[in-house]
Amino acid sequence: MLRYLPFLLVLAVWIYAFIDVLNTPEKEVRHLPKVVWVIIVLLFGEVLLGPIAWFVTGKVRHTPAAGGGRGRTRWVAPDDNPEFLKSLRDEDPDEKKRDKGDEG
C-alpha cells in the first residue's frame, strides 16, 4: 500500500492545481491566459511541472497586510463593540418591565 503513496500525492497535487486554475477569476491569472494555464497543468501535471509553475507564477497571491488588511473589518468582541452595546441599551428588558408596571 505504501508504494502507491507517491502516485496518490502527485495525483492530489495535480487535481488541486487543476481545480485552483478553474476557480481562479481571469483578473487574478498572471503571465498567460487562463486556458493556457489549464493546458499546462493538464499536460505537465504528471511530472508536477505544470502545478508547480501554476502555484509559483500563475496566480496572484494576496499577502495579509498589517492592521487587518485593506477593505476588511477586524473582529471585535461584543463587549468592546460600541454598536452592540448601544443596541443592548436600546433593548433593555428592565425598562420594558418598568413601563408595563407603570401602565397597570
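The values are calculated or read from the model by the stated rules, or taken from the named source; none is laboratory data. Keep in mind that what you see is a predicted model, and the values were worked out from it rather than measured.
Going by what's in this entry, would Leu2 be described as at pLDDT 85 or above and hydrophobic (A, V, I, L, M, F, W, C)?
No.
Residue by residue, here is whether (1) at pLDDT below 90; (2) of a type in the set (Val, Ile, Thr); (3) in a loop (DSSP other than H, G, I, E, B) holds:
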site	(1), (2), (3)
Trp14	no, no, no
Ile19	no, yes, no
Lys27	yes, no, no
Leu32	yes, no, yes
Val47	yes, yes, yes
Val56	yes, yes, no
Thr63	yes, yes, yes
Gly67	yes, no, yes
Trp75	yes, no, yes
